[in-house]
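Working notes, beginning with the structure itself.
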Amino acid sequence: MTQFKPISDMLLASGQIQPGDVECAKAEGVTLIVNNRPDGEESGQPEGREIEEAARQAGIDYTAIPVGSAGFSLPQVDAMAAAIGSAEGKVLAFCRTGTRSTLLWAMTQAKAGRDVETIAQQAQAAGYDISPVRSTLEMLSQQSGD
């Protein structure tokens, strides 16, 4: 059983989920699952299509915004912001450990002009460290005021 960690009122982050975890997500009010993990990253991980199928059967929307070894890009940040913005309930974002999902969420928040320290505190409260992308968050936050 995967533990979903609340990052904000609307976002939960998680390590790799299994198709069987989808019903637990639904019970927590999740209406959208965002897969931030590329297929085939690790042997034995479920394919995105398996999780998507379980999500659709449970009446939950699904989207994939994979973040691989190349790191983060602005199109990924924009896609994540659009996904979160379109959700009509909670969003569950997952990757291998939940870190990439949390960092991508943090970038969406900084780009929207939210205070970077507040973002960092929210991530830290869930057990995630945003320091690897702190300078990017500062830059995105500053650009939002332009």
### Query
Any chance the stretch 79-99 includes a residue that's farther than 25 Å from residue 124 by Cα and in contact with a helix residue (DSSP H, G or I) (Cβ under 8 Å, 6 or more places away or on another chain)?
no
### Task
May I ask you to verify whether residue 142 is surrounded by fewer than 21 Cβ atoms within 10 Å (Cβ to Cβ) and either over 17 Å from residue 6 (Cβ atoms) or at pLDDT below 95 (or both)?
yes
## Note on the structure
Counted residues in the stretch 100-130 being part of a helix (DSSP H, G or I) and open to solvent by 40 Å² or more (accessible area, probe 1.4 Å) come to 8
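The values are calculated or read from the model by the stated rules, or taken from the named source; none is laboratory data. Quick caveat: nothing in here was measured; it's all calculated off a predicted structure. No Cβ is skipped: glycine too gets one built from the backbone with ideal geometry, and neighbour counts run over all protein chains shown. Note: accessible area is taken over every heavy atom of the protein model, side chains too, but ligands, DNA and RNA are not part of it. Shrake-Rupley method; radii C 1.70, N 1.55, O 1.52, S 1.80 Å.
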